[in-house]
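Since the structure comes first, as structure tokens, the remarks are kept for the end.
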Amino acid sequence: MSNSNIRNFVVIAHIDHGKSTLADRFLEITNTVESRRMKEQYLDQLELERERGITIKMAPVRMAYTLNSKSYILNLIDTPGHPDFSYEVSRALAAVEGAILLVDATQGIQAQTLANFHIARKAGLKIIGAVNKIDMHPPQLPQVIKELADLIGCTPEEIHKISAKTGEGVENLLEAVIEFIPASSEAPLQSEMQAGLALIFDSFYDDHKGIIVSVRVFDGEIKDDDEIYLIATNTHSKIKEIGYFSPQLKPTKKLTEGEIGYIATGIKDPKKIKIGDTITLNPKHLALPGYEEPKPVVFVSFYPEESDDFEDLKKALQKLKLNDSALKFEPDFNEVLGRGFKGGFLGKLHFEITAERLEKEFKIRTINSFPSVAYKLGDIFISNPKDLPDDFNEIQEPIVKLEIITPIVYLGGIFQLKKIFRMSDIQTQNQRDKVLITAKMPLAELISDFDDKLKSVSSGFASFSYELIDYQKADLKKLEILVAGEPIAGLVRIFPKKNIESEARKIVERLKKILPRQQFSQAIQAVAGGRIIARETIPALKKDVAGYLYGGDRTRKMKLWKKQKKGKKKLKTMGRVKITAETFKKMIQ
Ligand code: GDP
Ligand code: MG
């Protein structure tokens, strides 16, 4: 049985090309969201998404539409565009049959347009091309249409011309989804069984309903009173509620083959939920192909600002992991900052977003170490720079293959970044007025401030994507920072030998400005290979803050003394050197 009236699709695009705005128009046309409740980028529900104006989480929504007096159910999944969240995209792709590939006509094809296109192709999806923002009348429109048609392998006439802002062409596009995207999978996977079989493609925690999984049913049906079995974690549970995304949770009686919806699992332990796992009613069933485990590439240790928040932080991370299966963490301990976690992330933005979600959704503020990549020392991986010995034979670092798309005029500026970011094997390929640059670059450089620098040399017009390809031998050294003779945990970093002195200078100068004065003078020293390679001194405080208030004003003096006392209490002691959490945060930035 195949559900001929169901279409499951994603919208994929480079960041800011208009996916979420297009989803808004779809929600309106299909009357999914009442017009009085409609707001821009409706599917970006996380507070953080609204604040930052970017999509972080995939967001599924079910819509109803009638075409030629036949009614259809359309399941749309909006996806993030930033490379750090491409794991979200790839999971969404496994739950659908088709994709709208959206390109901002004023920008043309960008690095993430290509990257997402290739993932969608590989997933075997039917791809419909659309150029957006035609209300801006970009002069290059015909050319962008041609480029997109060439990429997808269709005719320029088949590319939809739309404005997600004004709604022009959007209804046509929705009808094309019904016409061209296949209705659920052609051959049911285990048709003779016809029992419920569903793929978990996401999960989250709901304060009232507990652990909820987002599913795509691939065979049979699942009813709201069924007993389910999760194959990978060997777990039985009685369903508490079943439903679909409207986009709010909307309970229903059952989900049938081809449908996308949610199941409130009744399971309490987050460890029992594995993204990519198969839910079935018959434990004898074989599992659906799941997902490749994402590999973390950026590592950061983080600690609760208030040390008694450790248990809360642990619980928060477990809940967050339900909603972010790419998140990896393990307990960590730091002499100064206490108990915390070492997290593995898919990129620097992924880490930043995690820290912000902890603060916003769980009210836990954290202090973190510098992000690091994992270095290879023989057979062992070192992802915390402090674990690197002073002496070693050979160290290898992770290398990415970088693809940059830029208008030709900025090529010179981008080449200037070559040396700073240790780019190699650079190749260029002209594509009309643009250039596709491919290059190799250490991942460590990518997570420094490559993103910002590329934007600034190209006035924001260059975009990039990357993938980890290799480990290569590198000339690196460990840099430690000592304040008043004590090493400051969390400030150890690894740098290329040839940059280490200039980096060390920069760091000590910065710290001199940030660190508060103490009753004694403090030396800031940068040490590499047992040698001090940069130093600064912070002079001592004047002994008595009230000293300058000679004479009579006794009450004013008292106030100041009190304040000084209180100030002392508020200091969080980090070893003998007193550094407040605030200061530590500044040092890391
Ligand atoms: P996403 O990152 O792909 O989800 O992009 P958004 O939907 O968040 O849109 C990015 C920006 O482009 C927002 O400021 C939108 O208002 C704007 N935008 C989206 N579609 C259009 C369009 O058709 N015309 C114009 N002029 N602006 C648009
Ligand atoms: Mg978006």
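The values are calculated or read from the model by the stated rules, or taken from the named source; none is laboratory data. Small disclaimer: the values here were computed from a predicted structure and weren't measured. Because the Cβ atoms are built from the backbone with ideal geometry, glycine has one as well, and the counts that use them run over all protein chains shown.
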Note on ASP135: of the conditions (1) within 14 Å of ligand 1 (Cβ to nearest atom); (2) buried (at least 21 other Cβ atoms within 10 Å of the Cβ); (3) assigned to a helix (DSSP H, G or I), unmet is (2)
Counting only strands (runs of 3 or more DSSP E) wholly inside the stretch 387-492, the ones holding at least 1 residues that are surrounded by 21 or more Cβ atoms within 10 Å (Cβ to Cβ) and out of contact with any Leu (no Cβ under 8 Å at 6 or more places or on another chain) are 395-407, 434-442, 463-474, 476-483
Of GLU49, GLU34, the only residue that is over 20 Å from GLU179 (Cβ atoms), within 16 Å of ligand 2 (Cβ to nearest atom), charged (D, E, K, R) and without any contact (Cβ under 8 Å) to a residue 60 or more places away in the chain is GLU49
By residue number, the members of the stretch 201-248 that are among the β-branched types (Val, Ile, Thr) and either without any contact (Cβ under 8 Å) to a residue 12 or more places away in the chain or out of contact with any helix residue (DSSP H, G or I) (no Cβ under 8 Å at 6 or more places or on another chain) (or both) are ILE212, VAL213, VAL215, VAL217, ILE222, ILE228, ILE231, ILE239, ILE242
Those strands (runs of 3 or more DSSP E) completely within the stretch 162-231 that have 2 or more residues that are at pLDDT 90 or above and out of contact with any Lys or Arg (no Cβ under 6 Å at 6 or more places or on another chain) are 197-206, 210-219, 227-230
Test: residue in the stretch 330-347 that is of a type in the set (D, E, K, R), closer than 26 Å to GLY276 by Cβ and in a loop (DSSP other than H, G, I, E, B)
no
Checking ASP44, ASP24 in turn, the sole residue that is part of a loop (DSSP other than H, G, I, E, B) and within 13 Å of ligand 2 (Cβ to nearest atom) turns out to be ASP44
Expected single match for closer than 25 Å to GLU175 by Cα, touching a Leu at 6+ places or on another chain (Cβ under 6 Å) and within 10 Å of ligand 1 (Cβ to nearest atom) among ASP44, ASP78 is ASP78
For LEU102, the lone unmet condition from (1) surrounded by 24 or more Cβ atoms within 10 Å (Cβ to Cβ); (2) away from ligand 1 (no atom under 15 Å from the Cβ) is (2)
Exactly one of TYR65, TYR87 is more than 11 Å from ligand 1 (Cβ to nearest atom), touching a Leu at 6+ places or on another chain (Cβ under 7 Å), hydroxyl-bearing (Ser, Thr, Tyr) and within 29 Å of GLU352 (Cα to Cα), and that residue is TYR87
Residue count, the stretch 20-29, condition farther than 12 Å from PRO247 by Cβ and more than 10 Å from ligand 1 (Cβ to nearest atom), comes to 2
